[in-house]
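Enquirer: Following this message is one structure expressed as structure tokens.
The values are calculated or read from the model by the stated rules, or taken from the named source; none is laboratory data. Remember, predicted model here, so these are calculated numbers, not experimental data. Note that each Cβ is placed from the backbone with ideal geometry, even for glycine, and that neighbours are counted across all protein chains shown.
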């Protein structure tokens, strides 16, 4: 009877209890990690760029952090340890991946460890007004006029887990203009790191944004840039025989003419040109309000001649219009002062 | 002596003392004015002093040390001005050269000089810096060169010149063919050398030469952006593509043999970015600085050291970039108005005196504003900076310094005055 009881009741119950306990122990979290879900380690900003100061913050609903001892590690090396030290700031190292860990030890001895990868992600957003005219030796940026074409390029600096940069062609780009993604949806996607747009004639400023993600979504970066339209500008330069165009000085208001002849040339800064051919634009030269016919082959140039013994001044203006855009035009007015040792009065000859 | 005579005597004495006092004050004041206008060290340079023995050798320009002397000056008894124009006509380019010549005693001697290409003629001239006569090396006419790059031994050049009618820039490899001894007895002077020209068939956006002068880096426009290539500066050899970008508007400079720097073309207030690539194989552009308004750069021959310019709200600022950290320089100018010494320890800059408010650098590039520069010196190792020449205080034309370089011996600065295109020398160290 006793043996039967042991065989039929006690052993099965004991075995069940043993396995039950075993299974419970297997599946129940250990005391060390019991509060893990209630502790979080966050980073601000979420996608820091290289050299940027980042802030790491431990928060918890399960542990009284004000009485917990928090130890901070960078790549396994302890850097700080104090009671209630929930925040840490550091500078994100460009081109490096650092593991930042916080070990939280509660008053009851429970320990939670949280880690985060600090892998600075950065994106440079550079734009160019691709059809905006400047002369070939101009070292400044070509600026966009209303209706001009613009190319925006994202240059991401995103590091993968192995610490190398992810090629720009292997990232996913989501572009938006003034917050709207739909208009440029076709230009978003895998490897699409450039965006083309036409400068809106109704708004002076447009903001282009891009969000960039790795294919697995583990790495991200983002940024935006504002593009402001400008007015085309007419600048007049002296074209000196043998020396070429004297770009060092633009003729802004006045031109003093001492020699018998002087050649001037206009540069139509920031007009949209489908090619670099400046003859595409329409030039109207006037002298003292009277229109002067231009040479179709070189409408940008004019030659001033001073008759012998004549001094005086004359008002000259050049007006440039775009044949395809009402929004692109500019004018420059200058006073040409003719100085001669003898004589006075007006005029001068003007030829092209 | 009666009372009246005594009174006259005392009054006269007081009057004489008063007049002497006035004279002393006046003379002292005159001296002070002269000292200030003579470009003596500023408050800052007095403040920081110069402990470095090399720094102690640096000249301060005085009124007598400024001039527009040309190289035809007879230096037999006179002292050459420390700051002087060395050629009266605009040049397309200028570079230091060691000139070999036969002395009066019949010995071969070397003298430091400057080789220039005269812009109106294209002739090559050698100008000795000891003030002796200019030597005309070539008489081939090649006028209107806008940009010129020299090779290391200054016998080859890469010239860029604009055809005004077409708007196309022509690029040409030039070679100096030295003259021979004039033995023919004909009217033709064989002692004059000539230039041989070979057209570079490619249209390029921009070019820069390597520090050793052996190679060029050129940027070419493509349908999708731009490509960068290196090639020998003499036009022979292989063109090697090392860079491509969807962007076309790059400013390029090659100030370290192994590194080429690229920065986005600047405009006031618009964020700019700068990168570097290997000059041998390009590779992924490594970012130097970014998101800086109106960014321009001039990097030193030393790694991770350069000048960074920023510009917004009608002003410009200069910072030192050293190992990833930007610090404010003691003066503000555009980086391209500065020259580094070979070891990167010192930098000399043309610094605009009271620049007018304008959107920089755009307004300066367009020729809407021009500067009158002072010459400043900064010792990067010690952080000292010193005013060397307050050119605005002298009877010289306004100097707007561009294309500035330091001579190999560190004694001279060579620069072009943007206002009139003429070459100038500033003697840094006392002889």
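Enquirer: Scanning for something out of contact with any helix residue (DSSP H, G or I) (no Cβ under 6 Å at 6 or more places or on another chain), surrounded by 20 or more Cβ atoms within 10 Å (Cβ to Cβ), assigned to a strand (DSSP E or B) and touching a residue at least 12 places away in the same chain (Cβ under 8 Å), does the range B:238-246 turn up at least one residue?
Expert: As a first pass, look at the range B:238-246 and keep what is out of contact with any helix residue (DSSP H, G or I) (no Cβ under 6 Å at 6 or more places or on another chain): B:238-246.
Narrowing the set further to residues that are surrounded by 20 or more Cβ atoms within 10 Å (Cβ to Cβ) leaves B:243, B:245.
Those left that are additionally assigned to a strand (DSSP E or B): B:243, B:245.
Then drop every residue that is not touching a residue at least 12 places away in the same chain (Cβ under 8 Å), which leaves B:243, B:245.
Yes, some residue in the range B:238-246 is out of contact with any helix residue (DSSP H, G or I) (no Cβ under 6 Å at 6 or more places or on another chain), surrounded by 20 or more Cβ atoms within 10 Å (Cβ to Cβ), assigned to a strand (DSSP E or B) and touching a residue at least 12 places away in the same chain (Cβ under 8 Å).
Enquirer: Considering only the range A:159-190, state which residues are part of a loop (DSSP other than H, G, I, E, B) and more than 12 Å from chain B (Cβ to nearest Cβ).
Expert: Let us first name the residues in the range A:159-190 that are part of a loop (DSSP other than H, G, I, E, B), namely A:160-164, A:166-167, A:178-179, A:181, A:188.
Those that are part of a loop (DSSP other than H, G, I, E, B) and more than 12 Å from chain B (Cβ to nearest Cβ): A:160, A:161, A:162, A:163, A:178, A:179, A:181, A:188.
Enquirer: Oh, and also: Taking the residues in the range B:117-127 that are within 14 Å of another protein chain (Cβ to nearest Cβ) and outside any loop (DSSP other than H, G, I, E, B) as candidates, determine which candidate is surrounded by the fewest Cβ atoms within 10 Å (Cβ to Cβ).
Expert: Initial filter on the range B:117-127 (within 14 Å of another protein chain (Cβ to nearest Cβ)): B:117-123.
Going one step further and asking which of them are outside any loop (DSSP other than H, G, I, E, B), we end up with B:117-118.
Details: B:117: 26, B:118: 23.
Here the residue is B:118.
Enquirer: Does residue A:121 satisfy the criteria of being within 14 Å of chain B (Cβ to nearest Cβ), closer than 30 Å to residue B:245 by Cα, in contact with a strand residue (DSSP E or B) (Cβ under 6 Å, 6 or more places away or on another chain) and crowded, with 19+ Cβ neighbours inside 10 Å?
Expert: On the way: within 14 Å of chain B (Cβ to nearest Cβ): yes; closer than 30 Å to residue B:245 by Cα: yes; in contact with a strand residue (DSSP E or B) (Cβ under 6 Å, 6 or more places away or on another chain): yes; crowded, with 19+ Cβ neighbours inside 10 Å: yes.
Criteria met by residue A:121.
Enquirer: Which residue, of B:264, B:296, is touching a helix residue (DSSP H, G or I) at 6+ places or on another chain (Cβ under 6 Å) and at pLDDT 95 or above?
Expert: B:296
Enquirer: Then there is this: Residues being within 13 Å of chain A (Cβ to nearest Cβ) and in contact (Cβ under 8 Å) with a residue 40 or more places away in the chain: count how many of those fall in the range B:248-276.
Expert: Count: 9.
Enquirer: Kindly check whether there is at least one residue in the range A:179-198 that is out of contact with any helix residue (DSSP H, G or I) (no Cβ under 7 Å at 6 or more places or on another chain), farther than 30 Å from residue A:271 by Cβ and surrounded by 13 or more Cβ atoms within 10 Å (Cβ to Cβ).
Expert: The answer is yes, given that some residue of the range A:179-198 is out of contact with any helix residue (DSSP H, G or I) (no Cβ under 7 Å at 6 or more places or on another chain), farther than 30 Å from residue A:271 by Cβ and surrounded by 13 or more Cβ atoms within 10 Å (Cβ to Cβ).
Enquirer: Which residues, taken from the range A:135-158, are assigned to a loop (DSSP other than H, G, I, E, B), within 9 Å of chain B (Cβ to nearest Cβ) and out of contact with any helix residue (DSSP H, G or I) (no Cβ under 8 Å at 6 or more places or on another chain)? Steps first, please.
Expert: As a first pass, look at the range A:135-158 and keep what is assigned to a loop (DSSP other than H, G, I, E, B): A:135-144, A:146-148, A:158.
Filter again for within 9 Å of chain B (Cβ to nearest Cβ), leaving A:135-143.
Once the filter is applied, which keeps residues that are assigned to a loop (DSSP other than H, G, I, E, B), within 9 Å of chain B (Cβ to nearest Cβ) and out of contact with any helix residue (DSSP H, G or I) (no Cβ under 8 Å at 6 or more places or on another chain), the range A:135-158 yields A:135, A:136, A:137, A:142, A:143.
Enquirer: If I filter the range A:82-103 down to residues being closer than 16 Å to residue A:40 by Cα and outside any strand (DSSP E or B), which single residue comes out as farthest from the other protein chains (Cβ to nearest Cβ)?
Expert: Among those that are closer than 16 Å to residue A:40 by Cα and outside any strand (DSSP E or B), it is A:84.
Enquirer: Select the strands (runs of 3 or more DSSP E) contained entirely in the range A:312-351, then report the ones holding at least 3 residues which are modelled with pLDDT of 95 or more and closer than 22 Å to residue A:295 by Cβ. Quick ask: steps written out before the conclusion?
Expert: On the way: elements: A:312-322, A:325-338, A:349-351.
In the range A:312-351, the matching strands (runs of 3 or more DSSP E) lie at A:312-322, A:325-338.
Enquirer: Checking residue B:404 against (1) under 12 Å from the mean Cα position of the chain (by Cα); (2) surrounded by fewer than 20 Cβ atoms within 10 Å (Cβ to Cβ), only one condition comes out false. Which one?
Expert: Only one criterion in (1) under 12 Å from the mean Cα position of the chain (by Cα); (2) surrounded by fewer than 20 Cβ atoms within 10 Å (Cβ to Cβ) is unmet by residue B:404, namely (2).
Enquirer: Could we say that residue B:330 is at pLDDT below 95, over 17 Å from the mean Cα position of the chain (by Cα) and at positive phi here?
Expert: Values: at pLDDT below 95: yes; over 17 Å from the mean Cα position of the chain (by Cα): yes; at positive phi: no.
No, not satisfied.
Conditions (1) within 18 Å of the chain's Cα centre (by Cα); (2) in contact (Cβ under 8 Å) with a residue 40 or more places away in the chain, marked per residue:
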site: A:102; (1), (2): no, yes
site: A:107; (1), (2): no, yes
site: A:140; (1), (2): yes, no
site: A:157; (1), (2): yes, yes
site: A:163; (1), (2): no, yes
site: A:178; (1), (2): yes, no
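Enquirer: Okay, next question. Condition (residue is at pLDDT 85 or above and either surrounded by fewer than 16 Cβ atoms within 10 Å (Cβ to Cβ) or not in a loop (DSSP other than H, G, I, E, B) (or both)) applied to the range B:180-192: is it met by at least one residue?
Expert: The answer is no; no qualifying residue exists.
Enquirer: If you take the residues of the range A:237-257 that are loosely packed, with under 14 Cβ neighbours inside 10 Å and part of a loop (DSSP other than H, G, I, E, B), which of them is farthest from the other protein chains (Cβ to nearest Cβ)? Let's see the steps before the verdict.
Expert: First pass over the range A:237-257, keeping only residues loosely packed, with under 14 Cβ neighbours inside 10 Å: A:241-242, A:253-254, A:256.
Among the residues that remain, those that are also part of a loop (DSSP other than H, G, I, E, B) are: A:241-242, A:253.
Details: A:241: 8, A:242: 4, A:253: 11 Å.
Checking each candidate, the answer is A:253.
Enquirer: What number of residues within the range A:288-336 satisfy the criterion of being more than 45 Å from the chain's Cα centre (by Cα) and within 17 Å of residue A:254 (Cα to Cα)?
Expert: The number of residues fulfilling the criteria is 9.
Enquirer: Can you confirm whether the range B:315-322 contains a residue that is assigned to a strand (DSSP E or B), touching a residue at least 40 places away in the same chain (Cβ under 8 Å) and surrounded by fewer than 17 Cβ atoms within 10 Å (Cβ to Cβ)?
Expert: yes
Enquirer: Sticking with this one: Hey, among B:162, B:216, B:148, which residue is more than 14 Å from chain A (Cβ to nearest Cβ), buried (at least 20 other Cβ atoms within 10 Å of the Cβ) and assigned to a strand (DSSP E or B)?
Expert: On the way: B:162 fails: more than 14 Å from chain A (Cβ to nearest Cβ); B:148 fails: more than 14 Å from chain A (Cβ to nearest Cβ).
Only one candidate qualifies: B:216.
Enquirer: I've got another one for you. Going residue by residue through the range B:296-305, is there one that turns out to be within 12 Å of chain A (Cβ to nearest Cβ), crowded, with 20+ Cβ neighbours inside 10 Å and either more than 22 Å from the chain's Cα centre (by Cα) or not in a strand (DSSP E or B) (or both)?
Expert: Taking every residue of the range B:296-305 in turn, none turns out to be within 12 Å of chain A (Cβ to nearest Cβ), crowded, with 20+ Cβ neighbours inside 10 Å and either more than 22 Å from the chain's Cα centre (by Cα) or not in a strand (DSSP E or B) (or both).
Enquirer: Continuing with this model, one more query. Kindly indicate the residue of the range B:388-399 that is modelled with pLDDT of 90 or more and surrounded by 22 or more Cβ atoms within 10 Å (Cβ to Cβ) and also farthest from residue B:348 (Cα to Cα) among those meeting that condition. Before the answer, list the steps.
Expert: First, pick out the residues of the range B:388-399 that are modelled with pLDDT of 90 or more: B:388-389, B:397-399.
With surrounded by 22 or more Cβ atoms within 10 Å (Cβ to Cβ) added as a condition, the list becomes B:388-389, B:399.
Numbers: B:388: 9, B:389: 11, B:399: 15 Å.
For the range B:388-399, the residue satisfying everything is B:399.
Enquirer: While we're looking at this one, here's another question. Would you check which residues across the range A:271-293 are within 8 Å of chain B (Cβ to nearest Cβ) and surrounded by fewer than 20 Cβ atoms within 10 Å (Cβ to Cβ) and list them?
Expert: Here is the first cut: in the range A:271-293, the ones within 8 Å of chain B (Cβ to nearest Cβ) are A:276-278.
Within the range A:271-293, A:276, A:277 qualify.
Enquirer: Separate question: Mind listing whichever residues of the range B:355-373 are within 11 Å of chain A (Cβ to nearest Cβ), touching a helix residue (DSSP H, G or I) at 6+ places or on another chain (Cβ under 7 Å) and not in a loop (DSSP other than H, G, I, E, B)?
Expert: None - no residue of the range B:355-373 is within 11 Å of chain A (Cβ to nearest Cβ), touching a helix residue (DSSP H, G or I) at 6+ places or on another chain (Cβ under 7 Å) and not in a loop (DSSP other than H, G, I, E, B), so the list stays empty.
Enquirer: Does residue B:237 qualify as being at pLDDT 95 or above and either away from chain A (no Cβ under 14 Å) or within 28 Å of the chain's Cα centre (by Cα) (or both)? First the steps, then the outcome.
Expert: Details: at pLDDT 95 or above: no; either away from chain A (no Cβ under 14 Å) or within 28 Å of the chain's Cα centre (by Cα) (or both): yes.
So residue B:237 fails the test.
Enquirer: Check whether at least one residue in the range B:129-143 is touching a helix residue (DSSP H, G or I) at 6+ places or on another chain (Cβ under 7 Å), within 12 Å of chain A (Cβ to nearest Cβ), surrounded by fewer than 18 Cβ atoms within 10 Å (Cβ to Cβ) and assigned to a loop (DSSP other than H, G, I, E, B), and report yes or no. Steps first, please.
Expert: First, the residues of the range B:129-143 that are touching a helix residue (DSSP H, G or I) at 6+ places or on another chain (Cβ under 7 Å): none.
Within the range B:129-143, none of the residues are touching a helix residue (DSSP H, G or I) at 6+ places or on another chain (Cβ under 7 Å), within 12 Å of chain A (Cβ to nearest Cβ), surrounded by fewer than 18 Cβ atoms within 10 Å (Cβ to Cβ) and assigned to a loop (DSSP other than H, G, I, E, B).
Enquirer: Looking at A:299, A:268, which one is within 14 Å of chain B (Cβ to nearest Cβ), modelled with pLDDT of 90 or more, assigned to a loop (DSSP other than H, G, I, E, B) and surrounded by 15 or more Cβ atoms within 10 Å (Cβ to Cβ)? Please lay out each step first, then the result.
Expert: Numbers: A:268 fails: assigned to a loop (DSSP other than H, G, I, E, B).
Step by step, each of A:299, A:268 is checked, and only A:299 is within 14 Å of chain B (Cβ to nearest Cβ), modelled with pLDDT of 90 or more, assigned to a loop (DSSP other than H, G, I, E, B) and surrounded by 15 or more Cβ atoms within 10 Å (Cβ to Cβ).
Enquirer: Which one of B:335, B:359 is surrounded by fewer than 23 Cβ atoms within 10 Å (Cβ to Cβ) and either closer than 21 Å to residue A:141 by Cα or in contact with a strand residue (DSSP E or B) (Cβ under 6 Å, 6 or more places away or on another chain) (or both)?
Expert: Numbers: B:335 fails: surrounded by fewer than 23 Cβ atoms within 10 Å (Cβ to Cβ).
Answer to the check: B:359.
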